[in-house]
Amino acid sequence: MATRHLIIGGGTAGINAMRTIREEESTRSEITLVSAERPYSRMVLPYYLDRSIAESHVFTATAKVLADWGVKTHLGRRAAALDAKASVCTLDDGAKVEYDDCLIATGSSAVRAPVPGADGPGVHSFWTLDEARGVIAAIKPGSHVVMVGAGFIAFTILNSILSLGATLTIVELAPRILPRMIDDTGAKLVEDWLTKHGVTIRTGARLARIEDTKGRKRLRFAGASDIACDVVIMATGIKTNLDWLKGAGVTINRGIVVDDRLRSSVPNVYAAGDVAEGRDLISGKGDVHAIEPTAQEHGRVVGSNMAGKDVRYRGSLIINIVEVCHLDVASFGAWDDNRADAAAGLRADRPAYRKLLFSGDRLTGAIILGRSGDIWTSNDVGMLKGLVQTGVALGRFKEHLKKHPFDVKPAFIASRTTHTLLPETILGRPSKAPGDTPVAV
Amino acid sequence: MRVLKIHPEKCTGCLRCELACSYTQTGTFQPAKSVIRVSPFEGHTSYAPYTCTQCAEGWCMTACPVGAITINAAGAKDVLDDTCVGCKLCTIACPYGTMFYDPDTRKAFKCNLCGGAPACAEACPTAAITYEETATLDWLGDFAHERTARVLVGGRGSAS
């Protein structure tokens, strides 16, 4: 009988796993997908919000693709319980799916600030496609939008909100913006840049409640003046979708604890993406990254292992990049390690900032800010990622980088980073193009 | 597969490759849009061009959330403009620093080997860039190590 794979979750991790199973398997298996939503990419929702793409553009594995891959689907259904001993998953409509191995990739959901009125009309999250549709319908040219939260998710839709002709106010509980992505110096630069581009920012703001007045929203704060607006977007964090798995016997810490093959404590149950607590490449410890690149790599490694290969995952690297008003903001790895040997550079003549963090003579983390039109910004972002990813010994080029943090390329090339990188692949073989997946016959 | 082989010791820093690249890729002589970049070494006394290795992993391609990077007939990773939304994930995923982003078009762009007839190799007057059937290697590492080290020892970055 063909091996029965069950994929729970149709996001980045699940889609990559299914594709990789089809690429790697030697004999045809049976794949069943359970997904609460039609598969789409959250990464591109900001471009749907600003109308630069049509809604159809967001879908990753369409009905045709899933049919080509020979996937049995339960779309619109959620997993309700897992019987890991019997290898059976029960869905929210009572259906039972038996499996030989299973991937849990149920992702995360947006959470709202716990204040009265947070669930009221005109208050939105921007996480799922449905939520994106809600925000699209709400924002009109001239709308005053208040974004609660100044983290990465908030910043991914900042350009879109402005391009719709809305005015934007960002309120953040922390004393500064992007508290989990960049340091104080970087945050100050971004804050000044955004203020210059017409965004109002209020940090250290303790939201008390959200009220309705005369068809508008009124945000009340502890110890600060009210803000009236038309639309409120709550970008106040996410939580992993794991409540349904309680009692299944799968070990959960902050996420599902997985080994270097991305297996959970139950050998035929894998986890990937936002719900997985996997190895961090820099620290070597388990961590929940909840970012797109980790979901992608996790998904492919799981797919390969489900297909009978034995792929070890060396760990994922935290990488984040967002562009706001043509300013690139990026950070990698252990950018917030206070004990690291660090060097920083700030340009006086243009919005540019670098911070490089070292352990011995290896780069372990970086923060980079610069105008997105500057070629050296894009290229240096990549090269710094390469230095962190490979952990090449920089030798005397470390001192060079510390003195000249804007002069990355000579250190990158002269440290023979390319030589270290060329053999590196996630699956132990060259990647296939997106359209090259074998289809069902 | 045929790849761009770089012979750094032959490069004179004339930048013709950048001009040819931008002309073929964008239709204008605009080195700022070139995806092959000549770097100076040893205090601007030697030079070498640097571009995408068309690596086996294809970090840009696997990172793309919408499948906008594919493999063209020449075996090069290539951006599909109609599909790219400009999210920049590829620019941070590429560990070689050879992805580019155009803020005007809001698209990523990169070396696609000009579909199999790379303009940089054609334009190079000293054959410092050749298009050959060979395994891709780190063409610049040793060259740059030696030359940069000389500058570090004797020059501004002297540290060890």
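The values are calculated or read from the model by the stated rules, or taken from the named source; none is laboratory data. From a predicted model like this one, the values you see are computed outputs, not experimental measurements. Note that each Cβ is placed from the backbone with ideal geometry, even for glycine, and that neighbours are counted across all protein chains shown.
Quick rundown of the values:
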| item | result |
| --- | --- |
| Number of positions in region A:170-182 that are free of Cβ contacts under 8 Å to residues at least 40 places away in the same chain and in a strand (DSSP E or B) | 1 |
| Residue in region A:1-21 that is modelled with pLDDT of 95 or more, surrounded by fewer than 23 Cβ atoms within 10 Å (Cβ to Cβ), within 30 Å of A:Ala235 (Cα to Cα) and not assigned by TED's automatic domain parsing to the domain that holds A:Pro141 present | no |
| Answer residue from region A:351-398, given it is more than 12 Å from every other protein chain (Cβ to nearest Cβ) and closer than 18 Å to A:Val322 by Cα and is surrounded by the fewest Cβ atoms within 10 Å (Cβ to Cβ) among those | A:Pro351 |
| A:Asp341 at pLDDT 95 or above, at negative phi, more than 9 Å from chain B (Cβ to nearest Cβ) and surrounded by fewer than 24 Cβ atoms within 10 Å (Cβ to Cβ) | yes |
| Selection from region A:335-374 of residues that are among the aromatic types (Phe, Trp, Tyr), closer than 25 Å to A:Thr294 by Cβ and part of a strand (DSSP E or B) | A:Phe358 |
| Subset tally (residues that are of a type in the set (A, V, I, L, M, F, W, C) and in contact with a helix residue (DSSP H, G or I) (Cβ under 8 Å, 6 or more places away or on another chain)) for region A:161-193 | 8 |
| Number of the condition not met by A:Asp336 [criteria: (1) under 21 Å from the mean Cα position of the chain (by Cα); (2) away from chain B (no Cβ under 14 Å); (3) within 30 Å of B:Pro31 (Cβ to Cβ)] | (3) |
| Count - residues of region B:21-48 that are more than 11 Å from chain A (Cβ to nearest Cβ) and crowded, with 23+ Cβ neighbours inside 10 Å | 2 |
| Considering residues of region A:413-427 that are without any contact (Cβ under 8 Å) to a residue 60 or more places away in the chain and more than 7 Å from every other protein chain (Cβ to nearest Cβ) only, the residue farthest from A:Asp310 (Cα to Cα) | A:Ser415 |
| Residue ranges of strands (runs of 3 or more DSSP E) in region B:57-160 with at least 2 members at the interface with chain A (Cβ under 7 Å from one of its Cβ atoms) | B:69-71, B:100-102 |
| Members of region B:1-20 that are touching a Phe, Trp or Tyr at 6+ places or on another chain (Cβ under 6 Å), assigned to a helix (DSSP H, G or I) and within 12 Å of another protein chain (Cβ to nearest Cβ) | B:Pro8 |
